[in-house]
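The values are calculated or read from the model by the stated rules, or taken from the named source; none is laboratory data. Keep in mind the model is a prediction, meaning the values are calculated, not measured. No Cβ is skipped: glycine too gets one built from the backbone with ideal geometry, and neighbour counts run over all protein chains shown.
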């Protein structure tokens, strides 16, 4: 067994209890394992299967809790009693949704490419699960610590674009294809500023390993890289197609978007992938900008990570419930004329600071934070002014246009038509007690 695996507490505790006679486990004071000597390969396979099952089921369980919690928050934000009243603590609402989804008829369009149509849900769920393989949830708690963890995350999440296009194209639906093209334009546009926003973090940490990035955060990078956090968060919301960037499923324009022809559990897998992406995005932000599992003792590292993850999820939900949906031109304009420029500013400022202090200490990180915050505030303000809507000139009314009364002004008889009444009797009818609401309300 590679020593790197035994440094992982998950691998070590499972593998060494199965194959305790191995040299690496014996050196770490493990006694005889459950399997006989020479069966280390089986112990490795069983440990891998157990860890994969633990993470997959943990993520799926987290999705269920997130759906329940998000519905309850939506109920509070929108003053809707259903999600908070149906069942104890609203627990029966997600249960009913799951049962309904599982027992719906699985309809496949006649002209659909069945292989790609069935493969698309798997293609969109797999990247969301693969991201968790490199996320350290606590001290020594991870599946793999890649030295290119950040690059792995960016590469894996980019597969979502292919999955969306496959889902729409395979269904043979024009509305779905239009939605997919819109989605591809959005996803590709925001992948660039999202990746560039992480350059400053990589420069400060000197590594793309998520574990080493956490170790480099003697103070959270959210304080040192405010501009990077801002850009990454906005880009991540767009990548997840969450409001106000939910243009891929604009119900008023494109029905259900690229999911228009999916039903039953195929639709359910897309639904799960969306919430898994929300959890994975929160985990990435926690690791890269909130110092991951680091915190004050004696609180366990896993609790620190979970608390920060929940905080980021709450901000994402709050963000979604606050802002209205944007137009597609506004979304693309924000990516190319706003966020892209902000990432370049952040890279230049961070590169200058790293050139001055190649190995920043905690004190120097605080100095960098003091420099980066004014830069971030000024840059965001300047970009908002450049992208903002220009002021409208006050227009003068047309002199030939009819003048209509406002507020409590009396409606002139010439402007009102009452069936069966003409001439001078019109004003009398308006002024009568039965029609006094016309005079008072202007209706």
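Structure summary
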| item | result |
| --- | --- |
| Flag for residue 204 being within 20 Å of residue 223 (Cβ to Cβ), in contact (Cβ under 8 Å) with a residue 24 or more places away in the chain and either outside the structural domain of residue 262 (by TED's automatic domain parsing) or out of contact with any helix residue (DSSP H, G or I) (no Cβ under 6 Å at 6 or more places or on another chain) (or both) | yes |
| Condition broken by residue 83, with the remaining ones in (1) crowded, with 18+ Cβ neighbours inside 10 Å; (2) more than 23 Å from the chain's Cα centre (by Cα); (3) at pLDDT below 75; (4) farther than 25 Å from residue 131 by Cα satisfied | (2) |
| Residue within the range 226-243 that is farther than 26 Å from residue 330 by Cβ, surrounded by fewer than 22 Cβ atoms within 10 Å (Cβ to Cβ) and assigned by TED's automatic domain parsing to the domain that holds residue 324 present | no |
| Within the range 319-332, tally of residues that are touching a residue at least 40 places away in the same chain (Cβ under 8 Å) and in a helix (DSSP H, G or I) | 6 |
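This table checks each residue for (1) farther than 22 Å from residue 131 by Cβ; (2) out of contact with any strand residue (DSSP E or B) (no Cβ under 9 Å at 6 or more places or on another chain); (3) at pLDDT 80 or above.
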site	(1), (2), (3)
5	no, yes, no
10	no, no, no
15	yes, yes, no
26	yes, yes, no
37	yes, yes, no
42	yes, yes, yes
47	no, yes, yes
54	no, yes, yes
70	no, yes, yes
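Yes/no per residue for (1) in a helix (DSSP H, G or I); (2) buried (at least 23 other Cβ atoms within 10 Å of the Cβ); (3) out of contact with any strand residue (DSSP E or B) (no Cβ under 6 Å at 6 or more places or on another chain); (4) outside the structural domain of residue 224 (by TED's automatic domain parsing):
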site	(1), (2), (3), (4)
272	yes, no, yes, no
283	yes, yes, yes, no
286	yes, yes, yes, no
295	no, no, yes, no
299	no, no, yes, no
302	yes, no, no, no
310	yes, no, yes, no
